[in-house]
Amino acid sequence: MLPGLIEELKADFVVANGENAAGGIGITEKTAREILEAQVDVITTGNHVWNNKEAQKLLDSEQRVLRPANYPPGVPGRGAGIFETRAGQRLAIMNLMGRLFMSPIDCPFQKAQELAPALRGEVDTIVVDMHAEATAEKQAMAWFLDGQVSAVVGTHTHVPTADEQILPGGTAYITDVGMTGPKSSVLGVQIEEALRLFLKRMPVRIRVAKGPVVVQACLLNVEEKTGKAREITRIQREVDQTEQETNQETEQ
């Protein structure tokens, strides 16, 4: 669907969080390549980025794949980069990860405070993927960076929130953009497997559910000269079942 959406929405640049692209968890070179070939410009990640060992090589070799910037020094890859849109405008993408209810990691607020001014010296538009569990931590980051970045977009919890807004300083914000994945699922996982986990409390194999797929996203409209957000709009589209089955048969 993405090429058609890009044309319909006149999108100049596409960012996708790909940390669960490889069978529902982690990312591989193959899945990253598929996402980039679908006209995604930059892939951000999160706490599952290391679940596949080959991701380390991917992060060192592919500049368009980012990992959270607040991992300790010396970790493979980078957490921010400057890129060019289809219209020739330069912008920065920053990837951060929260700490509440997540694995221990360096402070995302300190890292944001370090990176934002440096990036503002190079570009006007900065978009932040704040990958975190706690809604309060995502909201706090948005207010912390209000006026310094163009947008703070929350990821990780897979369920889109209805709080899209423009903060007083001109920063667009949404707590969670949602996911691209099977509609009839529990966060993309087969319903039976998820229920077994909650009912039996026994380890289960994470398997991606089947059926119609939903694409959830947000569209940002940013003033080129100032980097301030004009508008943020939630996007949700379902892939046509017939089209999806045709694509799957072609892939096979």
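Laboratory data are not the source of any read-out in this text; all were calculated from the coordinates shown. Here the structure is a predicted model, which means the values were calculated and not measured. Cβ sites come from the backbone with ideal geometry, for glycine too, and all protein chains shown count toward neighbours.
Only Cα pairs under 8 Å and 6+ residues apart enter the sum, and on that basis the relative contact order of the chain stands at 12 percent.
I'd like the distance separating the alpha-carbon centroids of segment 108-129 and segment 29-97, in whole Å. Each part reduced to its Cα centre gives a spacing of 16 Å.
Among the listed pairs 138/228; 10/111; 10/228; 53/200; 30/210, those whose Cα-Cα separation exceeds 26 Å are 10/111; 53/200. Normalised by 2.2 N^0.38 Å, where N counts its residues, the alpha-carbon radius of gyration of segment 1-81 equals 1.09. In loop segments of segment 48-86 as defined by DSSP, there are no GluC sites (Glu not before Pro) with at most 10 further C-beta atoms inside 10 Å of their C-beta. The smallest convex shape that holds all Cα atoms of segment 92-248, its convex hull, gives 135 Å³ per residue. Only helices enter the 222 nm calculation for the chain: every DSSP H run of n ≥ 4 contributes -39,500 (n - 2.57), and dividing by all residues gives -8000 deg cm²/dmol, rounded to 500.
Compared with the alpha-carbon gap, the fully stretched path from residue 200 to residue 146 is longer by 15.1 nm at 0.36 nm per residue.
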